[in-house]
1. Ignore the peptide's own chain and count Cβ atoms of other chains within 10 Å of each Cβ in A:103-109; give me the average, rounded.
2. Which GluC sites (Glu not before Pro) from region B:62-112 combine a DSSP loop assignment with at most 11 other Cβ atoms within 10 Å?
3. Output needed: Cys residues of the protein assembly as shown lacking any neighbouring Cys C-beta below 4.7 Å, sorted by number.
4. Other chains near B:103-112: what is the mean number of their Cβ atoms within 10 Å of each residue's Cβ?
5. Compute the distance from the alpha-carbon center of region A:10-67 to that of region A:71-104, in whole Å.
6. For B:K11, go through the aspartates and glutamates and keep the ones whose alpha-carbon is under 18 Å away, minus same-chain ones fewer than eight residues off.
7. From largest to smallest, what semi-axes in whole angstrom does chain B give when each is the square root of 5 times an eigenvalue of its alpha carbon gyration tensor?
8. Could you name the aspartates and glutamates in cross-link range of B:K70, using Cα to Cα under 13 Å and dropping any fewer than eight places away on the same chain?
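The values are calculated or read from the model by the stated rules, or taken from the named source; none is laboratory data. Remember, predicted model here, so these are calculated numbers, not experimental data. Every residue, glycine among them, receives a Cβ derived from its backbone with ideal geometry; neighbour counts consider all protein chains shown. Accessible surface is based on the protein model in full, side chains and every heavy atom, while ligands, DNA and RNA are left aside. Shrake-Rupley method; radii C 1.70, N 1.55, O 1.52, S 1.80 Å.
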Amino acid sequence: AQSVAQPEDQVNVAEGNPLTVKCTYSVSGNPYLFWYVQYPNRGLQFLLKYITGDNLVKGSYGFEAEFNKSQTSFHLKKPSALVSDSALYFCAVRPMDSSYKLIFGSGTRLLVRP
Amino acid sequence: DAGITQSPRYKITETGRQVTLMCHQTWSHSYMFWYRQDLGHGLRLIYYSAAADITDKGEVPDGYVVSRSKTENFPLTLESATRSQTSVYFCASSVFNRENQPQHFGDGTRLSIL
């Protein structure tokens, strides 16, 4: 079965420190990979995507993600966390044989303390 | 740029009642989607639509009905609401093309069924 795992329900980090939010996937072939962020009482906002090419993808608000094919991972990173980065983060995968389907992870809550 | 709007934002109803959640997008996107968000499950696809008058089931369609008579609107109806349908519902839209553009989400409808 196709699936996306976000192994940490919550990640805590101090402001100014680097952050990593983990994502691994189990999908056949070479999927397209996405990260979304959700702020309270809002919908999901697109952060970045990996389609092909460079394994390090840069996105909005200083976030980047590293694709690792051998480990089937797509971890979200930021060199220096801000308190305003505190939110719920979702990893999503689109299998290459689907033009629409997104498989979401269960989400990771990021808490950045001052 | 109004984007994608959902109404109502909050709704309380009783079991057995019919309720319709509205979704309107201004981008003329081909694809539209309905998801439900529940703690520990991430987002699960209820129904999707590839174009006007074309709809199909997602992962959890039971108890829901959709229609799409116009490209910009994609209402979701719970014909006889049950408590298990208490959730936050998100509508999304996307362009269908080969570059895999991300889905764009509305701000959600929080539905409580008593």
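1. The per-residue average across the peptide is 4.
2. Listed in order of number, the matching sites are B:E99.
3. Singleton cysteines: none in the protein assembly as shown.
4. 3
5. Spelled out, the Cα-based centre of one part sits 3 Å from the other.
6. B:D38, B:E79, B:D107
7. 23, 14, 13
8. Candidates past the 8-residue exclusion: B:D53.
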